[in-house]
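A.B. asks: I have a structure I would like to understand better, so I am pasting it below and will then ask my questions one at a time.
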Amino acid sequence: MAIERRSIDVVPDDERHGTAFSQFTLWLGANLQITAVVTGALAVVFGATALWALVGLLLGNLLGGAVMALHSAQGPKLGLPQMISSRAQFGVRGAVVPLLLVILMYIGFFASGTVLAGQAVGELTHLGDTAGIVIFALVTGVTAAVGYRLIHALGRVASLVCAVAFLYLGARLLQRSDLGTLLHDHSFGLPVFLLAISLAASWQLAFGPYVADYSRYLPRSTSGRATFWWTLGGSVLGAQWSMTFGALAA
């Protein structure tokens, strides 16, 4: 696989390939991860009952995911990274403001994800947290440098491996706790319910500034509707699955 050449450039039509379904496996794998588990757990930690936390997280994922998937639908038509195409809305100079905010978001997301995933790697390899974080960061850096094809290949593998892993973890959780017991408390609190919605919605919206980066390689003739639904399906299913496990575990 060659090093990514297009970076922030437009992708020419003769280099476009793939189908809209590729967005499903990519975003399913991207959301079946430990940071999403922690996000789901926060809804319960902050005071929501498990039942209403799950409802709020689902609403948030659907609302935020719809906005995120609409951005994905732009990719095949424009062939541009999301932040470059934002210049049409904000202007060349005006786009500097959201760009700075996105850079801060990237750093925060990478830091939190690297620490959590690095700790898991360190635990699995018995090398310790620091070595695990370094290993995960290096793998992430190489993947970003190689670019689109490798990212999609890993997405397909991750969607399968992580789905199996979460099925196993879910089964273990239900072995230890009865689902009816976990969901027996029906008490409703509006503030924490809205918090659960905002946690999930902000999770989905955080993908917005770069979601089209992964759909811009699709042929220009790719259906915008298909791109939207496959992106939405993969992202919402993966995030809700992870967050549900986190909320129930919490």
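A.B. asks: Under a point spin-label approximation (7 Å from Cα along Cα-to-Cβ), what is the Arg16-Gln89 distance to one decimal in nm?
C.D. replies: 2.2 nm
A.B. asks: Please express the Cα-Cα pair-distance distribution P(r) of the chain as a list of whole percents, one per 5 Å bin, running from 0 to the bin with the greatest distance.
C.D. replies: Final binned percentages: 1, 6, 12, 16, 19, 17, 13, 9, 5, 2, 1, 0.
A.B. asks: Also, quick follow-up: For Phe110 and Ile8 in the same chain, what is the full-extension length gain: residue separation times 0.36 nm, less their Cα-Cα distance, in nm?
C.D. replies: Result: 34.8 nm gained on full extension.
A.B. asks: In percent, how large is the relative contact order of the chain, given Cα pairs closer than 8 Å and 6 or more residues apart?
C.D. replies: Result for the chain is 55 percent.
A.B. asks: I need the phi-derived Karplus couplings for the stretch 203-217: 6.51 cos²θ - 1.76 cosθ + 1.60, θ = phi - 60°, integer Hz, Gly and Pro marked x.
C.D. replies: 4, 5, 5, 5, 7, x, x, 9, 5, 6, 4, 9, 10, 6, 8
A.B. asks: If packing is taken as the average number of other Cβ atoms within 10 Å across a peptide's residues, how do 241-247, 193-199, 135-141 rank, most packed first?
C.D. replies: The densest-packed peptide leads the list: 241-247, 193-199, 135-141.
A.B. asks: While we're on this one: For a quick protection proxy, order the peptides 44-52, 63-71 by their average other-Cβ count within 10 Å, most packed first.
C.D. replies: 63-71, 44-52
A.B. asks: Under a crude label model (7 Å from the Cα following the beta-carbon direction), how far is Leu99 from Arg220 in nanometres?
C.D. replies: Placing both labels 7 Å along Cα→Cβ, they lie 2.6 nm apart.
A.B. asks: A further question on this structure: For the chain, with every protein chain kept in place, what is the accessible area per residue (1.4 Å probe, Å²)?
C.D. replies: It amounts to 51 Å² per residue over the chain.
A.B. asks: Taking a cut-off of 16 Å, what percent of all Cα-Cα pairs in the stretch 48-139 are separated by more than that?
C.D. replies: Here the tail beyond 16 Å accounts for 72 percent of pairs.
A.B. asks: Ignoring ligands, DNA and RNA, please state the percent of accessible area on the chain from carbon and sulfur, probe 1.4 Å.
C.D. replies: On the chain, the fraction of accessible area on carbon and sulfur atoms equals 73 percent.
A.B. asks: Write down, largest first, the equivalent ellipsoid semi-axes of the stretch 1-76 in whole Å, where each equals the square root of 5 times an eigenvalue of the alpha-carbon gyration tensor.
C.D. replies: The answer is 34, 14, 10 Å, longest axis first.
A.B. asks: In whole Hz, with x marking every Gly and Pro, tabulate ³J(HN,Hα) for the stretch 36-47 from phi via Karplus 6.51 cos²θ - 1.76 cosθ + 1.60, θ = phi - 60°.
C.D. replies: With the stated coefficients, the stretch 36-47 comes to 5, 4, 4, 4, x, 5, 4, 4, 7, 4, 7, x Hz.
The values are calculated or read from the model by the stated rules, or taken from the named source; none is laboratory data. Please read all numbers here as calculations on a predicted model, not as lab measurements. Because the Cβ atoms are built from the backbone with ideal geometry, glycine has one as well, and the counts that use them run over all protein chains shown. Accessible surface areas use protein heavy atoms only, side chains included; no ligands, DNA or RNA. Shrake-Rupley method; radii C 1.70, N 1.55, O 1.52, S 1.80 Å.
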